[in-house]
Every structure is written in C-alpha cells, then in structure tokens.
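Taking it in order: structure first as structure tokens, then the write-up.
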Amino acid sequence: MMRLVLLGARLSLGAGRSGRLRLVLMATGSAVAAFVVLTALALSGLAEQQDVRAQRIAPALNARVIPEATLVGNVIADGWNGRELLRIVLAEAAPGASVPPGVERLPRDNEVVVSPALLELIETEPLVAQRFPQSVSGTIGTEGLVEPGQLLAYVGVSDASEIWQPATIERWGDATTTGNLDPRAARTVGLLVLLTLVAPVVMFMATCARLSATARTQRLAALRLIGLSPWRTQLVNSIELVIVGAGGSLLGLATWLTWRYLDPAVHVGTFSWYSSDLWPGPATMALALVALVALTVAVGLVGGRAGIRRPLEVRRERSVRAMSWWRAAPLAGGISLLAWSWHTSGQQGQFVSWMAPFALGMMATALGLVLAVPFGALVFGRALGRSSRPAAVLAGARLRHEPAVGGRVVAAMAIAIFAAGFAQVVLTSVDAAFAGTDENQVGSVFDLTAYGTTTDAARYAAISDLNLALPKLRLGPDQVDAIAATCVQLRAATTGAIPGCRDGRPLFVRSIQIGDSPSPVGTQADVDRALTLAGLPKSASSVDLTFPAGNGSFYAAVIIAPDLAPPTTQFTIPFPGSTYDPQAVVAGLAAVDPGAVWDSGITGVDRLDSARIYTGIVAVGTASALGVALLAIVIATLDRTIERAGPQARLAAIGTSASTIRAATALQVLPVSAAVLVASGAAAILGGSSYLRWGDPAINVPLGPIAALTALGVAAALLATLVAVVGTITRPLPHLLRTE
Amino acid sequence: MLRAEGITASFGPTLALDGVSFDIEAGELVAVVGRSGSGKSSLLHCLAGLVKPSSGTVSFEGQPVYDWSERCRSDWRLRQVGLVFQFGDLVPELTLAENIRLPLQLAGTGKASVNARVAAITDGLEISDVMHKRPGQVSGGQLQRAAIARALANRPSVILADEPTGALDTTTGQLVLEALMHAARDQGTAVVLVTHEARLSSYCDRELTMTDGKLAATPTVVSR
Ligand SMILES: Nc1ncnc2c1ncn2[C@@H]1O[C@H](COP(=O)(O)OP(=O)(O)O)[C@@H](O)[C@H]1O
Ligand SMILES: [Mg+2]
C-alpha cells in the first residue's frame, strides 16, 4: 500500500520537464475551479452578510420626538444614476447622543459625513456636489457601510425644526431592516449563478484532470502489464490525482484568501462588496474543496479505465473506437424536449407540462453538448477519411482514433455558452421586471392640501435641479381632476426635455380614478373620456399614453394642472432621478405652502438597486463561467500541443510537409469545435425562447448577446486552432522521435 | 510448468492462433520462430494471461490461468512471469533504475536485496551507467536490455521474451542471451524466446515454428 502511494507520488512529481508542466497545468485547473467555486458559494451568501450590515447600520426610529431624545433625525432616500443615495439627517437634541457605526463623531450643523464612494462622486460630479453644500467633516468607515460602493451621508443640522418629519433615533442598529436584496430572490439568483458556473467548472476540472490523458493511460497500461492488478493500478492513479486535486485546490484556496486579503473592497461595475462578507464558512469551504478533489479523482479514474481494462491495446495504440450513435441521442433528445416545452409554453399556466420537458430538455441538452464533441469528431473523422488529401486523411484518422480527446475543452466551452446564453435570457427578463423604474423615471408623490396657483408652479420650477413638469394644459369645466399628456406635450410644458420619457410608458405611475370609473385602475375608455373632457383629441394621445399593465387593463399617465386642482389633490411631480436635491424640494415646498403635507420621498430606487445587484451577480457569474471556459481552452490546447508533438515529429520524419501537418492539426481542431459551439448558442436560444414564452412572453430572446457569446466561443476555438497550428511540430526533432 | 492446450485466438477476421498447444518445463529454453504476423506475439500474450483465448486453456503448474480472477492473474504476472515486449513497455516517467526496481518493490522485496539484485543484473547487461536516465533518453538497445533486466528482476518462474534482441548488435545480443540462459540454467526459469535469429535459437533446448497461427516443432532443415 505504502509502496503504491509512493509510486503514485513518484509518477506524478518526477516525470521530466513536460511532465511537470502538465502537473502544474492540472493543478492550475483545480486551483481555478476552487477559486471560482469558493467565490460563487460566497456570492450566494453575500445577501445575508449585507443584511447583517444593513441591520447594524439602520437607525432604530421612534416616529415621535420624545422629550428625553438625545438624537433626532430622519432617513431620506435619494438616488444617483439608478443607485440609492441615503441621506440621514441628524440633530443632537441632548448630550450623550450615540454615534452611527463607522463615524467618529456626530456631524455638527452644516457638516456632512459621507461614504468614500459618495465622497468620490461629490468630488467628480458637480450635480452631486450641489446636493451637499455642507462641509465634509469625515468619511464613514467600513463597519458603517453595507458595501464599499454604498452612497450614504450623515447630514448635521442644528435642531429638529430643520428636519422634515423628525423622529427620535433611539439607537443604531435595527433588526427589522433588511438590505436591498430580498434574501429569497438573492438565494435564487445565487443558485442560478452556481448552476451557470457548475457545468463549466466541472468540465474544466475534467479537462484538467484528463490532461496528458494519453501519456497517463499509457503509463497505467504499462503498470498493468508488469502485473499490477486493476485495483492497485487505479490506486496509483488516484494518488496522483489526489496530489494534483488537493494541491490545486489548496493553491486555489490560498489564492482566494490572498485575494480577499489584498482586495478588501471589490467593485465590479456598480456592484461592490467587502471581501470579509464573502465568506461561505469553513464547513462549506471544506466540503467544496473535498468535492473538487473527489471530482478530480473520479474524472481521472474514469478516464484511466481504458489503460486498465485493455492495457495491451492501449500500449500498442490499437484503440480505434467504434462509432456509437447513442452519443447523439442526448442532444437530439434535449433539443426535442426543449422544442416540446416551447410548444407547451404557449398554453399559459401549464406549469408542469412546460416545466418538466423544459428542465429535462435543458439537462439533456447540456449532457448532449458534452457528448456531441466526440460524436462530431467520429462523424467528421469518417468523412475526412474518405478524402484523398493527406492532411484530411491524417486528421480523420486522429479524430477517429481519439474522438474524445480534443473535445473536452470544446465541451466545456459549449456548456459555458449554453449556460451563459441562457443566463442572458434570464437577465433580460430580470431587467424587464425592473424596467418600470429606470433611473429617470423615479418620481416623487406629494400630497398637498390646498395646492396653490400657477404662480406657485412657477416657483417650483425655479427650484434648482428640479424639473417640475406641470403641463400648462386647459382642463374642461367639468369635475375632472386629471389630464394625460404625451412626452411632446410634457416637453412643451416644461423647461426642457424630460429624460427617460417615452410614449407608451408611464412617466408618472399613479393609478387614478379617471372619470367615474369605479375601478381604481383606469381603462382605455376612461382615458379617452378624460381626454374628451379635457378638450383634447383622443387620437392625439390616448394610445400613446397607455401601457398594458399586468392584467391587461390600462393605467393612465396623469398630471393634474395645479390651477384647476380641487382643494385636496394628489400630485405626482416627476423629475430626473439623478439631478435633484430632496432638501431643495423640501425647501421649495415649504416656500410654496407651509401647510403642505407631503408623502413618500423618492420611489423605486431600492428596486433599481436590487436589479443592479442581481444583474451584478449574474454578470459576475457569467463572466467567471466564460473565463473558466476560456482558460480551459488555453490549458487544454497547450496540453494537446505537447501530446501531439511526438506523432507530428514522426510524420515529419517520414517526409510529410509542414503545411500538411499544420492543415491536419487545424482540421482536427476547428470544424468540430466551431460546429458544436454554434449548436450550443442555438440551443441556448431555443431554451431561452421556451423560458420567455412561458414566463415573459412580452420579451424577445436577446439574440445579440447570445450571438456575441457564440462568436466569442468560436473565436476561442480559432485561437485554440491557431495555438495548435503554431505549436505544431513540423521538423523531425530527435528528442521527440523517441517514444520511450 | 506453463502449458497451453489447443488455444485459439482471433482478432476480428484474423485467426492469430489456431489450436496451439505448447508446454515448457522449468529450466528449459524454448525458441519460437516464424514469419512476421504468424502469431508469435499473440501466443506470448495468451501465455502471459493478457489475452484470453477464445478456446483452449493456459495453465501454470496445473492451474488454469484464465480461471483466476483478474487480480490473481496480475499478481501471478508480477511474481512469476517476466515479460519482455516487442514494443517498449517501460514506464516513461520512471528512470531505468526505477523501472527495473518496480516489480521488486511492488512484490514487497526488501530494500537491500533489491539493490543487490538490480546491480547484479544490470552489470551483466552492461547498462549500469545509464540507469539514472529515463526511457526517452537512452538508445533502443539500452532500452531493450533494461526491459530484460526488469523481467529478470523478480526471479520469475517463466520469462516470455518477444524478440528481445531485435534492436541489438551481435555482441549485445549475446549479453542478453547469456542473461536469459543464466536464468534458465542457474535459477530454473522457463524461458520462451521469440526470435528471428537462427544464431540465438541454436542455443535453445527446442525450437518451434509458428506458421499462420499453428505451432509445430521446427523441421530439421530450416529454410528461412
Ligand atoms: N490486437 C490485435 N488486433 C487486431 N489484430 C491483431 C491484434 N494482435 C494481433 N493481430 C493480428 O494477428 C496476427 C498475429 O499477430 P502477431 O501475434 O503480432 O504476429 P507476430 O508476433 O508473429 O508477428 C497478425 O495478423 C496481426 O495483424
Ligand atoms: Mg510479434
């Protein structure tokens, strides 16, 4: 036993320069996989970690200001370019007020303490700087933020009277607060990322575990021939695999830990996190690493079977595989199932009859893509065999001889494209779900008692940064309290264009009772009637103004002209989300009507924020999956280049021209890879169509991104071909001519 | 000691062995000659427990080899059979020394006797000075001698050597033959030697000829 262990160790560690290079490549494979899996696992737990932070930071508010309060304040939500910008206004009411986490001392009157990300914005964006005329007295430390990119400000004022709706801040930390991620949705997204990643990572590991497959199979066969039993031979094999797998995984772990240490605050676009929140826990990590090693070993053991079962044939290179048609079955089956699920998805609500073929079809297609490569290699190899051109004959023979070898990487890439392509579909659908709130559509609803007059409207318009969009349209004499307008009309009514205004999309979302419809949701007829009463031609705008809501009825985009408003009216005042100052609005409102009561600040930013985070997680996952697949291509191409060197040198030795050897190499790599990669893109489109048709029929499959992914894959295949062709041995180098 | 009775083996349409019977006693040196493709290697593979004949039996000391489990057969090959293949059969990752020691170590032989035995064998075959090299770094002849050294290392009961002198010059070929004869005469090893060289087979106790998968005693007048 010990001898076998030592033998396994000896075989893996001291096998010459190219052997050691391969060992490093194999270990790199495990390392990259460990890194990616740890990140993915941690990402899915990130939401919870950020929740903990959010709870630690949130002020526990008591809606009334109590006499014994030491600190009063309010939280005002604001936004910048689709990101939430929280402004917490504070006034010290009595000595001994507690300081927010991460802040050294309470901001005094006219002081503001900001997060580093906000500070950067203030320094670079004049519009943001305008919102913070106070002097910046410090920055918020790590422990006082949910994520490094968070935009948070503590604004100091002299006393409670300067705060809109002041509340008592009893302490810092509120267990009822959650971060912007809905934990359930976050887990779903995390799971999606893991799934997106699992296939390519597994394929990648398999690729790396099977590196130098030919040499290793030969070695195992040699051991069998001396008289090592199959079991003991597999033991020797597995020792090597454990060394590679464990060594690589530990290397990956070390790299991951170093990365966490060196880069404590990670930003991926607007998505950011603290490395310390990226921690799946020791048990999960240990389990993941053990699973990776087990996977490496399993793949290597399965891969070593040929050398163990048929040592003689393997030693004499006699293993021409029989063509097995069943290899094509999973792909054909998967595609058929997906087509079937696409068909049933047309019948709304048939979840099971859609889901079953869909899920099965996705899995079968993924498996089929893996098997498609050797199958394609066999078919193509046969076809090439019929040619009389030497390059084609050589390539065909190689493909038939070892149909599975080059294919593993392509399979990894194919799976990555399939998964990433489908992730694009899901992303589009997530994006669409949040589309109601894109950055410039953020509105604020004010509840005004006894609104003023047009003069007041003019004063609103004078408020800095606030594009008050009040259409100067005449209403009819009747008791209609609403009017609808198109973007053109709105533009005419305001000082300039309203960014984000698009006809057919409500700029000001408000379900208002139009006319005398009993339903809170207006119908097309209601809108028409409102327009008629307002003296507006129906055709002019009615269609443009409506959009289909979930249940098929229509909401109207409604603006009330201030001078004709009834004494108590809800107004929706739109403004570009990125360029307004809530404090200025407060001041403006107070100036217009001190008695005004206004409701709810900015809306929708948090939803935007979660869309951003979901998008971020999925994007990171997709990018990692593709990155992993690309790495696999590079590593395996290098490996194949090393393995092909001997046979190529022998071809050169018998006088085969360099161009023939190169052409044979290219023919072995490119056509099958490209075909399978294109097929995986097409499969992603089919799967995506089925998914969208069932869940989100209004959305089209994002053909562009999927085509781009496929093109990336084909480009990678081209690159691999290029590497292989460049690395092709075209001279009979003496050291390569020796088999042993 | 090692006996084959009416063994038949075919690869697809090719009938490589056609009812071959063969036996060899301890200490005997038997040459098998025959044209290329006549089935000599196939016979050795069947005798070594590597290729199961479609009919007939191979038995070692009265026990049918193919009735044993794969594991027993492997162990038997490790301890009792020394194989020298026509094609390279050393583990490419190991040095010649390690390759030669490998069967001894796998069989659990003590370190001291391993070294002594390996030294004796390699001295006789004149490859001591290349022992630290890997198979890819030595000449074909050195490689073949290393393969023979490895087959001899475990002091097997049977040595099955497939054209072991194919790549050797006359003098070196003589070294190999002497090593094999030494094993047969002094250790009672049964040696089956597949060869083309009449010079070599003349040293053997018997010479058999393989023709189209059939084995027979060589007629007295050999016309090759
Ligand atoms: N694994 C195999 N697959 C197919 N044919 C084989 C195999 N091994 C041997 N043969 C065929 O069997 C016949 C005998 O081969 P072999 O025993 O190697 O001959 P020899 O060693 O006498 O040259 C030949 O025709 C050879 O082509
Ligand atoms: Mg032969």
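The values are calculated or read from the model by the stated rules, or taken from the named source; none is laboratory data. Model, not experiment: these values are computed from the prediction. Ideal geometry is used to build each Cβ from the backbone, glycine not excepted, and the neighbour counts take in all protein chains shown.
Residues in the range B:99-128 that are buried (at least 20 other Cβ atoms within 10 Å of the Cβ), closer than 17 Å to A:Val236 by Cα and not hydrophobic (A, V, I, L, M, F, W, C): B:Asn99, B:Arg101, B:Pro103.
When the range B:154-173 is examined, which residues are found to be within 16 Å of ligand 1 (Cβ to nearest atom), in contact with a strand residue (DSSP E or B) (Cβ under 8 Å, 6 or more places away or on another chain) and outside any strand (DSSP E or B)? Break it down stepwise before answering.
So the first thing to find is which residues in the range B:154-173 are within 16 Å of ligand 1 (Cβ to nearest atom), and the list is B:160-167.
Within this subset, residues satisfying the condition of being in contact with a strand residue (DSSP E or B) (Cβ under 8 Å, 6 or more places away or on another chain) are B:160-164.
B:Glu163, B:Pro164, listed by residue number.
Filtered by the rule that a residue be at pLDDT 70 or above and crowded, with 24+ Cβ neighbours inside 10 Å, the range A:168-196 gives a lone residue, A:Ile169. All of (1) out of contact with any Ser or Thr (no Cβ under 8 Å at 6 or more places or on another chain); (2) within 10 Å of chain A (Cβ to nearest Cβ); (3) away from ligand 1 (no atom under 12 Å from the Cβ) hold for B:Asp75 with one exception: (1). With a cut-off of at least 1 residues that are surrounded by fewer than 22 Cβ atoms within 10 Å (Cβ to Cβ) and β-branched (Val, Ile, Thr), name the helices (runs of 4 or more DSSP H) lying wholly within the range A:636-740. Qualifying helices (runs of 4 or more DSSP H): A:658-695, A:703-726.
Can you tell me how many residues in the range B:80-93 are surrounded by fewer than 22 Cβ atoms within 10 Å (Cβ to Cβ) and more than 7 Å from chain A (Cβ to nearest Cβ)?
First pass over the range B:80-93, keeping only residues surrounded by fewer than 22 Cβ atoms within 10 Å (Cβ to Cβ): B:80, B:86-88, B:92.
From the residues that got through so far, the ones that are more than 7 Å from chain A (Cβ to nearest Cβ) too are B:80, B:86.
Going through the range B:80-93 one residue at a time, the tally reaches 2.
If you go through the range B:8-35 and keep only what is of a type in the set (A, V, I, L, M), more than 16 Å from ligand 2 (Cβ to nearest atom) and either within 14 Å of chain A (Cβ to nearest Cβ) or more than 17 Å from B:Ala190 (Cα to Cα) (or both), you end up with nothing.
Take residues that are at pLDDT 90 or above and tell me which of the helices (runs of 4 or more DSSP H) falling wholly in the range A:220-335 contain 2 or more.
Working: elements: A:230-262, A:282-303, A:305-309, A:311-315.
Here the list reads A:230-262, A:282-303.
The residue of the range B:36-57 that is farthest from the chain's Cα centre (by Cα), among those that are more than 15 Å from ligand 1 (Cβ to nearest atom) and either surrounded by fewer than 14 Cβ atoms within 10 Å (Cβ to Cβ) or away from chain A (no Cβ under 13 Å) (or both), is B:Ser55.
Of the listed requirements (1) within 16 Å of ligand 1 (Cβ to nearest atom); (2) modelled with pLDDT under 90; (3) in contact with a Ser or Thr (Cβ under 9 Å, 6 or more places away or on another chain), B:Leu83 misses just one: (3). Please enumerate the residues belonging to the range A:267-320 that are among the basic types (Lys, Arg) and either within 16 Å of ligand 2 (Cβ to nearest atom) or more than 14 Å from every other protein chain (Cβ to nearest Cβ) (or both). Those that are among the basic types (Lys, Arg) and either within 16 Å of ligand 2 (Cβ to nearest atom) or more than 14 Å from every other protein chain (Cβ to nearest Cβ) (or both): A:Arg315, A:Arg316, A:Arg318.
Go over the candidates A:Tyr261, A:Tyr274 one by one and state the one that is touching a residue at least 60 places away in the same chain (Cβ under 8 Å) and either surrounded by fewer than 14 Cβ atoms within 10 Å (Cβ to Cβ) or in contact with a Pro (Cβ under 7 Å, 6 or more places away or on another chain) (or both).
Working: A:Tyr261 fails: touching a residue at least 60 places away in the same chain (Cβ under 8 Å).
Of the residues listed, the single one that is touching a residue at least 60 places away in the same chain (Cβ under 8 Å) and either surrounded by fewer than 14 Cβ atoms within 10 Å (Cβ to Cβ) or in contact with a Pro (Cβ under 7 Å, 6 or more places away or on another chain) (or both) is A:Tyr274.
Pairing each residue of the range B:130-149 that is within 12 Å of chain A (Cβ to nearest Cβ) with any residue that is surrounded by 22 or more Cβ atoms within 10 Å (Cβ to Cβ) and among the aromatic types (Phe, Trp, Tyr), provided the two are 6+ apart or on different chains, yields C-beta distances under 9 Å for B:Ala147/B:Phe85.
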